[in-house]
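Scroll down for the structure; my scribbles are underneath it.
Since every read-out is calculated from the coordinates, none of them should be taken as a lab result. For clarity, every value in this text was computed on a predicted model and none was experimentally measured. So basically every Cβ, Gly included, is an ideal-geometry build from the backbone, and we count neighbours across all protein chains shown.
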Amino acid sequence: MESKWLAMVLVVLSLGSGLCDGCLEEERFALFQLKPFFEFIDYKFQDLINNIYEKESSSNCCEWERVECNPITRRVTHLFLNYSSNMEIDWYLNASLFLPFEKLQSIFLRGNFITGCVANQGFERLSSKLDKLENLDLSNNHFNNSILASLSELSSLKSLNLAGNVFTRSNPTNGIEMLSKLNNLETLDLSGNRLGNNILSQLDGFASLKSLRLEYCGLEGTLDIQESNNNWMKLKELYLEGNEIESLGSLFHGKEGMKLNKLEVLSLRLNFLNNSVFSSLVELSNLKSLDLFFNKLEGAIYTKDLNVLSNLEELILSGNEVNGFIPSQGLRLMNLKHLDLSGNGLSGNGFNSSILSSVATLPNLKTLRIDISQCNGLIDLYGLSNLEELYMASNSVAGNDCGFSLQSLGLFPTLKTLSLGGFNINETTMASYSHHSKL
């Protein structure tokens, strides 16, 4: 009797809440109002990738791949509308079409050829009703600076992706600085917009940021900031990949520099930085990951400035012209777990086998990638007892005999992956170690 009564209550509740096929009728209707602009809203992701256009079979919109609902209330919480428009010309979005989704937390609109919003129907319309909206992805569209005032009204936003649009260098009155009103914003991606060096001063007021991407933003030369209010105190991740930066100047140190005491991840890959970059990083005491792939590093690197980064767990120096460390056994990065030295010395002046004496001072290293350009005899890797992955190649010129002693594998009980290229390895010795417990 009790179970029948409970069933009746559930039926009444579902009817009273407007549920239809598992989702709210008003929200189901609102989804179909979006369909003329996002034609593939009721299509599956994988089918689009394979150019097979198969519609969702379920009439329950909460079961669609592009829609996520709260499992209890059945209200729509996330809309995944990336690459869902069939329009191949610029068009204007009516943002008020999202108003019926009052519990919406995320809107993903990547790659839909949107160039702006209909007059008086911009994102500011969402600020009063969509107070749960935290994530907005507008990347790979054609938005410009005119959208910024509208976005600045979305006070609940925590993550905003504006990568790959057409934002340009501007003065503070109509630039990115307007978004500093978003006091809850933690993640901001501006990659792929030609913003120039002045973007750094415009972002100085973003006090809540934890992750910032400025990849391929036209940053160049020396990065100096005239006056910093040190508002990036919460920043943990900074990505500056693919610019033309030659020097970090006073960006991270000195009286005018930003005090990034919590910064843990710094990507400077694909820039024009030379060996002086390390002295510019000495105040980043909490840094855990440093990526300097394909810069202008060359010759020997002095370990003094590197060792200051005592919390470093990942160091990527690949794709440069580095050939050693001074002093050779001076590395004291006791927390380092991943070291990538591959692709150095492609001009012929790369690492010789003595580099391994520097690496041997890193007792917690788990992954090592390295190319050896010059060596004679056998290579040993003593001191790396925690190594799990080893990727090592020999680029030895004619006359150099580069060998690898597999007997040394017994020193690495945790080794799981081994890749050796260009080394002389005795087949008999190889067979004797083919049953290594982890490999």
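Annotations for the structure displayed:
- Karplus 3J(HN,Hα) series, Hz, for the range 292-302 with 6.51 cos²θ - 1.76 cosθ + 1.60 (x for Gly, Pro): 10, 4, 6, 10, 10, 5, 8, x, 8, 9, 6
- Length released on extending from Phe272 to Asn135, taking residue separation times 0.36 nm less the Cα-Cα span: 46.0 nm
- When each of Lys158/Lys262; Lys55/Lys181; Lys103/Lys288; Lys210/Lys366 is checked by Cα-Cα distance, pairs over 30 Å: Lys55/Lys181; Lys103/Lys288
- Burial ordering of Arg169, Arg369, fewest other beta-carbon atoms within 10 Å first: Arg169, Arg369
- Efficiency of FRET from Cβ geometry, Glu26 and Met233, R₀ 45 Å, rounded to 0.05: 0.55
- Order of His142, His338 - criterion: other Cβ atoms within 10 Å of each residue's Cβ, fewest first: His142, His338
- Spin-label model distance (nm) - Asn50 vs Ile72, 7 Å beyond Cα toward Cβ: 3.8 nm
- Among Asp189, Asp90, Asp204, a tally of other beta-carbon atoms within 10 Å of each Cβ gives an order, fewest to most, of Asp90, Asp204, Asp189.
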